[in-house]
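Everything below concerns the one structure shown next.
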Amino acid sequence: MNSKIKAFTKIIESKESIYKKIIAYKYRGFLYLDKESFIESIYDFTQNINLKNKINKIKKKKLYTPRELGISYFYRGYALAKINNIKEAILDFDKALKKSRYCIDYRLFRKLDGEAKDILETQLKLLNYFSFK
């Protein structure tokens, strides 16, 4: 395990604040994506999303913006697509686009292939067609 993943794991397993854990899950999820450890990445982005939603609910305001949530949904969707869980990936891409169309990492989008990419491209076209400028 690389030292950065160990450092984020230490934060997650400690009694650090929930806010630090949210950040640690996000960045450890990115590191797992880079290592193509997609199952671990999916877990971390799921935890990141759940904790953000928990904080928003407790605080009764949107401390974590739709764009921030959209980014987490996009990356989890990407990892799901890479393990061929296309239905779940598409659901996450849909959630990401509903949160913010500016959450898409086009570097990763270009790496997608098959059904997930086709459907995401269709979603983006529809979003651009129906958006008001």
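Taking R0 as 30 Å, what's the FRET efficiency between residue 121 and residue 67 from their Cβ-Cβ distance, rounded to 0.05?
Once the sixth-power term is evaluated, E becomes 0.90.
Just need the relative contact order of the range 25-77 here, percent rounded to a whole number, with Cα pairs under 8 Å and 6+ apart.
The value is 34 percent.
Between the range 112-126 and the range 1-42, how many Å separate their Cα centres?
Here the two parts' Cα centres lie 28 Å apart.
Determine ³J(HN,Hα), in whole Hz, for all residues of the range 47-64 in sequence, where each value follows from phi through the Karplus function 6.51 cos²θ - 1.76 cosθ + 1.60 and θ = phi - 60°; x replaces Gly and Pro.
Taking θ as phi minus 60°, the curve returns 4, 4, 4, 4, 5, 4, 5, 4, 5, 4, 5, 5, 6, 6, 7, 8, 5, 9 Hz for the range 47-64.
Quick check: at a probe of 1.4 Å, how many percent of the accessible area of the chain sits on carbon and sulfur atoms?
C and S atoms contribute 54 percent here.
Could you tell me the relative contact order of the chain? Use alpha-carbon pairs under 8 Å, at least six residues apart, and round to a whole percent. Walk me through the numbers on the way to the answer.
Working: 141 pairs, mean separation 22.3, N = 133.
It rounds to 17 percent for the chain.
From the P(r) of the chain, can you give the percent of Cα pairs sitting at distances over 17 Å?
58 percent
Binned at 10 Å from 0, what are the whole-percent values of the Cα-Cα distance distribution for the range 1-66, short to long?
The percentages, shortest bin first, are 23, 50, 23, 4.
How large is ³J(HN,Hα), in whole Hz, for each residue of the range 65-82 in order, when computed from phi with the Karplus curve 6.51 cos²θ - 1.76 cosθ + 1.60 and θ = phi - 60°, using x for Gly and Pro?
My calculation for the range 65-82 gives 6, x, 4, 5, 5, x, 4, 5, 5, 4, 5, 5, x, 4, 5, 4, 5, 5 Hz in order.
The values are calculated or read from the model by the stated rules, or taken from the named source; none is laboratory data. The structure displayed is predicted, hence computed values, not measured ones. When we count neighbours, we look across all protein chains shown, and the Cβ atoms used for this are built from the backbone with ideal geometry, even at glycine. When the accessible area is computed, the model is the full protein with side chains, heavy atoms only, and any ligands, DNA or RNA have been set aside. Shrake-Rupley method; radii C 1.70, N 1.55, O 1.52, S 1.80 Å.
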